[in-house]
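Report on the following structure.
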């Protein structure tokens, strides 16, 4: 990217920009806002470097799929400030980033990495934002306006956890199933056996949501239909699998199982998907 810039392919048109790129956080300096868009499993290993860009007012936007490490921050009740072990096993993120800096973000664009620095954008431009507390703060208004001025949708939500779950309930089924089958979303969902296991896993997740008092405002069938409409799109997990990369299972699947265990909710279909995708990986 230092040499050739960053290229977005959209509607057969290419747009190239040359952002400032560096692997030295000291070179980049202190930041007002930092978007963390790494896969969740990569973050603990780079937190110490990211923290070099913090000053007293730096806000951190977590823009990755699945349950974030800060999920139970100030939620009150029995599990207030519970640390999710599979995502942040040594509390590295909680202690170095600190949950007070966090602005939650749910990312909707469907994209594909053609090669490093070249991204194909299929659809979607919404980046939903939310304070963990649900308040509409000055800082969240500022970053929302910045994203909107760049041509993106950046609504501010008063319950970002609800939106995290609304996206996650599909991803926890479709992403690993796409690896198990090797199929794009449209093909995967067209087969009854895939649709049935996806429905069952999503039903288990909905029971967890209900126990957490998170409403699911669309039916599971509507969520499945919405995924099918994305078309011949390879999920990010399938793209990673085909490239031999580590898969984002902890934040998308294992964390849901961990929370289910915490709430004494059994998840046999989620467990089945997790077992089968790990079997698939072991044979790669």
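Checking each residue of region 180-195 against the condition of being modelled with pLDDT under 95 and closer than 24 Å to residue 130 by Cβ gives no match.
Can you tell which of 212, 247 is touching a helix residue (DSSP H, G or I) at 6+ places or on another chain (Cβ under 7 Å), under 20 Å from residue 86 (Cα atoms), in the same structural domain as residue 189 (by TED's automatic domain parsing) and surrounded by 11 or more Cβ atoms within 10 Å (Cβ to Cβ)?
247
Counting residues in region 64-83 that are touching a helix residue (DSSP H, G or I) at 6+ places or on another chain (Cβ under 8 Å), farther than 25 Å from residue 260 by Cα and either free of Cβ contacts under 8 Å to residues at least 60 places away in the same chain or exposed (fewer than 14 other Cβ atoms within 10 Å of the Cβ) (or both) gives zero.
Considering 106, 60, which residue is within 29 Å of residue 229 (Cα to Cα), at pLDDT 95 or above and not assigned by TED's automatic domain parsing to the domain that holds residue 254?
Numbers: 60 fails: within 29 Å of residue 229 (Cα to Cα).
Selected residue: 106, the only one of 106, 60 that is within 29 Å of residue 229 (Cα to Cα), at pLDDT 95 or above and not assigned by TED's automatic domain parsing to the domain that holds residue 254.
Please go through region 204-237 and pick out each residue that is part of a helix (DSSP H, G or I) and touching a residue at least 60 places away in the same chain (Cβ under 8 Å). Break it down into steps so the answer makes sense when it comes.
The first filter runs over region 204-237 and keeps only residues part of a helix (DSSP H, G or I), leaving 204-211, 220-228, 236-237.
Scanning region 204-237 gives 204, 205, 236, 237.
Of everything in region 33-72, what is over 27 Å from residue 176 (Cα atoms), in contact with a strand residue (DSSP E or B) (Cβ under 7 Å, 6 or more places away or on another chain) and in a loop (DSSP other than H, G, I, E, B)? Give them in sequence order.
Let us first name the residues in region 33-72 that are over 27 Å from residue 176 (Cα atoms), namely 33-34, 48-60.
Imposing the further condition that a residue be in contact with a strand residue (DSSP E or B) (Cβ under 7 Å, 6 or more places away or on another chain) reduces the set to 33-34, 50, 53, 58-60.
Selection gives 58 alone.
The strands (runs of 3 or more DSSP E) falling completely within region 95-160 that include 1 or more residues that are loosely packed, with under 15 Cβ neighbours inside 10 Å and touching a residue at least 24 places away in the same chain (Cβ under 8 Å) map to 110-115, 118-123.
Return yes when residue 240 is surrounded by 13 or more Cβ atoms within 10 Å (Cβ to Cβ) and either in a helix (DSSP H, G or I) or in contact (Cβ under 8 Å) with a residue 40 or more places away in the chain (or both) and no when it is not. Yes: the conditions hold for residue 240.
The values are calculated or read from the model by the stated rules, or taken from the named source; none is laboratory data. Quick caveat, the model's predicted, so the values are computed rather than measured. Every residue, glycine as well, gets a Cβ built from its backbone with ideal geometry; the counts of neighbours run over all protein chains shown.
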